[in-house]
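A quick write-up on the structure given underneath.
The values are calculated or read from the model by the stated rules, or taken from the named source; none is laboratory data. The structure presented is a predicted model; accordingly, all values stated were derived computationally and were not measured. We place every Cβ from the backbone using ideal geometry, glycine too, and count neighbours over all the protein chains shown.
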């Protein structure tokens, strides 16, 4: 297959300029200078994948510009700001033209020589020259085809489509970048990940989970409550607020027996395959007014994740929990649809939530757990060797994501303060005491009392 770039108006004024860029879904900004009119064209995108014959057909597709006319006028000068990328398609293309021209010249020379000499000796020479030229041309053609096949072989055998809802400067993106880097390394370029941030393939995690189930998306990161919707109710254990005493406690839980048990249940469900656990910072309260004690939560309309577990605990604090799409959270605060919300400091900073809800109260009510997931059907379709590559890359991605997330959240609090956020401490003991019974009831409802007790034991 041939990958190439072109101006949008290949048959028009800029039709004298082409730029080839082998490689799948590479992004760069090439500069192409037209020899005839010195016109500059920028920001091209791969738009056509075809066999070499289809490439010729495309060149002669419309207007009065026949293939022969277009080919005779092509002048190519490229400066490509990528990693030593060479436009090899045109090497093959030029080689083909050179071979045809060479055969034509040889045949003409042989014919002229025969007519001038008028003898059998020259006829014999011409007859001998033609097969020799044909053989040379065939060798050149084979060489050109070999180069084209080399380019094709360099393409990854498996491309995984990854998607998340956060920005490109988030820890989610850092995790996916690490996954892509490591997977390409361990597979020798045979596998890669195409990453879509900012909700490009789904505006919220519920959509991404659905697309994962249908095979539209291969890899996502999702909250426990959305994983629970696939039939794995036990995953919602990680949604219970005030579950951890600190980051060390969280690490011990997700990387220990409890985390492995949940992973096994997810993988047995047949929809998703859990590759590991990502952290999403310590979640805090933010809103149009601060909270200090449990009494301050009374009748506060707070946006929370769509989970019965989460809602039950916030209700126990006296708040009025409600659900709202993540991409509507900022405007919801601005327009007084909600009074408050909760999220980790990193996202409060990156999404500038502190502008709409300037009071940030350090409730520390959750160290957010996220599952790094691949579709079960996709994972099971891989060979044993490919699965090993994916698992190794995922382990690396988990470590890199957690490290990035910690650094982001450590810096976020001071930056929020510098940008006008008003931060206050909270009487956390009163909050924990007020929702203790609700936490126990939530664990019992989703059938994870044993695991819930193991989480509590891990804190000791």
Based on this model, can you work out whether residue 238 counts as in contact with a strand residue (DSSP E or B) (Cβ under 6 Å, 6 or more places away or on another chain), part of a helix (DSSP H, G or I), assigned by TED's automatic domain parsing to the domain that holds residue 211 and under 27 Å from residue 394 (Cβ atoms)? yes
Selection count where residues are part of a loop (DSSP other than H, G, I, E, B) and closer than 18 Å to residue 175 by Cα, scope the stretch 205-223: 3
Can you tell me which residues in the stretch 332-346 are in contact with a helix residue (DSSP H, G or I) (Cβ under 6 Å, 6 or more places away or on another chain) and without any contact (Cβ under 8 Å) to a residue 24 or more places away in the chain? 334
Evaluate the following for residue 327: is it within 20 Å of residue 206 (Cα to Cα) and in a strand (DSSP E or B)? no
Only listed residue being assigned by TED's automatic domain parsing to the domain that holds residue 199, more than 22 Å from residue 165 (Cβ to Cβ) and either surrounded by fewer than 16 Cβ atoms within 10 Å (Cβ to Cβ) or without any contact (Cβ under 8 Å) to a residue 24 or more places away in the chain (or both), chosen from 328, 355, 385: 385
Here, helices (runs of 4 or more DSSP H) confined to the stretch 357-460 with at least 2 residues that are under 28 Å from residue 220 (Cβ atoms) and touching a strand residue (DSSP E or B) at 6+ places or on another chain (Cβ under 8 Å) are 376-381, 384-418
Applying the selection to the stretch 304-321, what residues are under 24 Å from residue 230 (Cβ atoms) and part of a strand (DSSP E or B)? 321
Of the numbered conditions (1) in contact with a strand residue (DSSP E or B) (Cβ under 8 Å, 6 or more places away or on another chain); (2) within 24 Å of residue 359 (Cα to Cα); (3) at pLDDT below 95, residue 303 fails exactly one; give the number of that condition. (3)
Among (1) modelled with pLDDT under 95; (2) over 30 Å from residue 419 (Cα atoms); (3) surrounded by 17 or more Cβ atoms within 10 Å (Cβ to Cβ), which single condition is residue 263 missing? (1)
Return only the number of the condition from (1) without any contact (Cβ under 8 Å) to a residue 40 or more places away in the chain; (2) under 14 Å from residue 286 (Cα atoms) that residue 349 does not satisfy. (1)
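To keep it simple, each residue is scored yes or no on (1) modelled with pLDDT under 95; (2) surrounded by 24 or more Cβ atoms within 10 Å (Cβ to Cβ); (3) more than 29 Å from residue 317 (Cα to Cα).
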| position | (1), (2), (3) |
| --- | --- |
| 169 | yes, no, yes |
| 176 | no, yes, yes |
| 186 | no, no, yes |
| 211 | yes, no, yes |
| 217 | no, yes, yes |
| 220 | no, yes, yes |
